[in-house]
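The values are calculated or read from the model by the stated rules, or taken from the named source; none is laboratory data. Being a predicted model, the structure only gives us computed values, none of them experimental. All Cβ positions, glycine included, derive from the backbone under ideal geometry; neighbour counts span all protein chains shown.
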Amino acid sequence: MPSYWETTRSHYASVLLALPLLVCYEILLLLSDTGGAWQIRNAMDVWVRYVFQAFEIRPQHVTLVLIGILIGALVWLRLKRPEMGLPLNHAGILLLEAFIYSMVLGVLVNLLLYSSVLDLLIGNQSAQKLALSIGAGLYEEFFFRVLLLNGLFFGLHPILRSTVLTAVIAILSASFLFALAHYVGSLGDDFDLHSFLFRWVAGLLFTVLYFVRGFAVTAYTHAFYDIHVLL
């Protein structure tokens, strides 16, 4: 039987544990009742909906499509590696591990920047804020860590030919873009150097965690961390 370390870093665990994040995110947005398919959402979620809209998939149907994709991926991964499941006790320990990391992350960022935790969430409704916290863990980690970080690494490695140099540039660049994305668009924050550095440092720490522990732990750590900011 695979170890806890193996199961919680696996693609199967990443996909399986993304499902409850997605479902909770959508339910909380419905409870906040802020205006239909284009209500206040995580910026990465909005970008995803624009992409699907190009394929004539309506925004209100995107969630069902995403759930279908995740379920299909689960079936394929299970057939590919039947031995790589996720025992319930491993899932519980993973949540505890992510919670602990989120607490440590807050302390590290504050020590590095000598400040209190910034309130990076918007809106007044608790359900909406909680939804945005969960959405950040799901969508931002998938986009900036899974897609962008890996894309930069595999794209730059044939050019730079140094694994260490490529990794450093990919990590710094992905974290920089992660921080910068919070100021893009009509719902983006006004640029402030201190908040930018705060997010860049947080992005660097999330990236290190992603390399060591994989997507599932990092996504839940990010979600828990943003919930700490809310509370």
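Here are some notes:
- Pairs are defined by a Cβ separation below 6 Å, a sequence spacing of at least 6 or placement on different chains, a first member in segment 18-46 that is small (Gly, Ala, Ser), and a second member that is modelled with pLDDT under 80 and surrounded by 14 or more Cβ atoms within 10 Å (Cβ to Cβ); the pairs so defined are Ser32/Gln125; Ser32/Ala127; Ala37/Pro59.
- On the stretch given as segment 182-205, residues that are touching an Asp or Glu at 6+ places or on another chain (Cβ under 7 Å) and either without any contact (Cβ under 8 Å) to a residue 24 or more places away in the chain or within 27 Å of Ala13 (Cα to Cα) (or both) total 1.
- Segment 196-231, residues that are more than 19 Å from Phe142 (Cα to Cα) and crowded, with 18+ Cβ neighbours inside 10 Å: Phe198
- Within the span defined as segment 183-195, every residue fails to be among the β-branched types (Val, Ile, Thr) and surrounded by 14 or more Cβ atoms within 10 Å (Cβ to Cβ).
- One residue alone among Ala179, Ala223, Ala170 is in contact with a Lys or Arg (Cβ under 9 Å, 6 or more places away or on another chain) and either more than 27 Å from Thr8 (Cβ to Cβ) or of a type outside the set (Val, Ile, Thr) (or both), and that residue is Ala179.
- Residue identified as farther than 27 Å from Val51 by Cα, over 17 Å from the mean Cα position of the chain (by Cα) and at pLDDT below 95 among Val184, Val164, Val201: Val164
- Tabulated pairs, segment 78-99, first farther than 16 Å from Trp5 by Cβ and touching a residue at least 12 places away in the same chain (Cβ under 8 Å), second among the hydroxyl-bearing types (Ser, Thr, Tyr) and crowded, with 16+ Cβ neighbours inside 10 Å, C-beta under 9 angstrom, 6+ apart or interchain: Arg78/Tyr12; Phe99/Tyr220; Phe99/Thr221
- Going through (1) surrounded by 22 or more Cβ atoms within 10 Å (Cβ to Cβ); (2) more than 26 Å from Trp5 (Cβ to Cβ); (3) of a type in the set (Ser, Thr, Tyr) one by one, Ser126 falls short only on (1).
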